[in-house]
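Novice: Pasting a structure here, questions to come.
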């Protein structure tokens, strides 16, 4: 009887090995996909923020030009307002660069851990 049990035991062991090997690879794939999607959303949100700052910058420049034209502010004050907000825009650009580079680093490190 012992000889009859070995083929089943061997089949179950072989099947478990195949399933467990595949599970590890599938699990890594799922984690990589979720991490890359999360990072993509971070970059997308940061890009959207920069887009909004650029639109606001154009509106501020137009309003300052209007105020200068109607002599409600002088050109020096207008230049200071524009310069101040362009610092905000530059900060948004720097933030996007930082988020993009960080996303790249995370995915590169993830791939190197997987041997990819």
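The values are calculated or read from the model by the stated rules, or taken from the named source; none is laboratory data. This is a predicted model, so every value here is computed, not measured. Reconstructed Cβ throughout: ideal geometry from the backbone, glycine too, with neighbour counts over all protein chains shown.
Novice: Given the conditions (1) over 30 Å from residue 110 (Cβ atoms); (2) without any contact (Cβ under 8 Å) to a residue 24 or more places away in the chain; (3) part of a helix (DSSP H, G or I); (4) in contact with a helix residue (DSSP H, G or I) (Cβ under 9 Å, 6 or more places away or on another chain), and given that residue 86 satisfies all but one, which numbered condition is not satisfied?
Specialist: Checking residue 86 against (1) over 30 Å from residue 110 (Cβ atoms); (2) without any contact (Cβ under 8 Å) to a residue 24 or more places away in the chain; (3) part of a helix (DSSP H, G or I); (4) in contact with a helix residue (DSSP H, G or I) (Cβ under 9 Å, 6 or more places away or on another chain), the one that fails is (2).
Novice: A further question on this structure: Let me confirm something: among 48, 92, which residue is touching a helix residue (DSSP H, G or I) at 6+ places or on another chain (Cβ under 6 Å), part of a helix (DSSP H, G or I) and either surrounded by fewer than 15 Cβ atoms within 10 Å (Cβ to Cβ) or at pLDDT 95 or above (or both)?
Specialist: 92
Novice: Given the criterion touching a residue at least 24 places away in the same chain (Cβ under 8 Å) and on the phi < 0 side of the Ramachandran plot, identify the matching residue among 67, 20, 41, 56.
Specialist: Answer to the check: 56.
Novice: Then there is this: Does residue 83 meet the test of being at pLDDT 95 or above and surrounded by fewer than 10 Cβ atoms within 10 Å (Cβ to Cβ)?
Specialist: So residue 83 fits the description; yes.
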